[in-house]
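For reference, the structure discussed in these notes is given below.
None of the figures in this text is laboratory data; all of them are computed from the coordinates on show. Computed from a prediction, not measured in an experiment: that's the story for all the values here. FYI the Cβ positions are ideal-geometry reconstructions off the backbone, even for glycines, and counts take in every protein chain you see.
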Ligand code: ZN
């Protein structure tokens, strides 16, 4: 495995639409393994292939809503599509490609996604709260959408410094 460089918002690749994954081969597995390592290294909760310069429809989301005592785990979503959403949440959102900046983005509270795993098998998965936000955010990346374009407004320095840090 290897760390990959995370592109930042100045780079045009981030605004391009990604093509579907058609080959579930060792090259894809390498990409997913590298993305996992890169995500862990960056302490993020999600990462999309275009963020490491690969214009293919693959994302990782960390499921953080786990029972106490259980480990968080990474969900790999290949060619994901949102099937259903419900509810609404309004909160601060950030992105590894937009370091240090946060904005208020409205997202559904619950999201059901259909996707393929690394071997091409279709499955469905549901997320709530942060996981639902993350599904939407990462799938947006596959269509060249960075959250700053959806934010009602960006948070100011002052608001950021009054937060947890
Ligand atoms: Zn992002």
Once you put a point 7 Å from the Cα of residue 123 and another 7 Å from the Cα of residue 66, both along the Cβ direction, what distance in nm separates them?
-> 1.4 nm
37 °C / 0.692 mPa s Stokes-Einstein diffusion coefficient of segment 17-107, Kirkwood radius on C-alpha pairs, µm²/s | 222 µm²/s
Using only Cα atoms, tell me the angle between helix 26-42 and the longest principal axis of the chain; keep it within 0 to 90° and round to the nearest 10.
-> 20 degrees
Run through the DSSP bridge list for the chain and note the antiparallel percent, rounded to the nearest 5.
-> 95 percent
So for the pair residue 40, residue 17, with labels modelled 7 Å out along Cα→Cβ, what separation do we get in nm?
-> 3.5 nm
Would you please state the base-10 log of I(q)/I(0) at q = 0.12, 0.16, 0.18 1/Å for the chain, with intensities from the Debye formula using one equal scatterer on every alpha carbon?
-> -0.51, -0.93, -1.19
Using alpha-carbon coordinates, inclination of helix 130-142 to the longest axis of the chain, degrees = 60 degrees
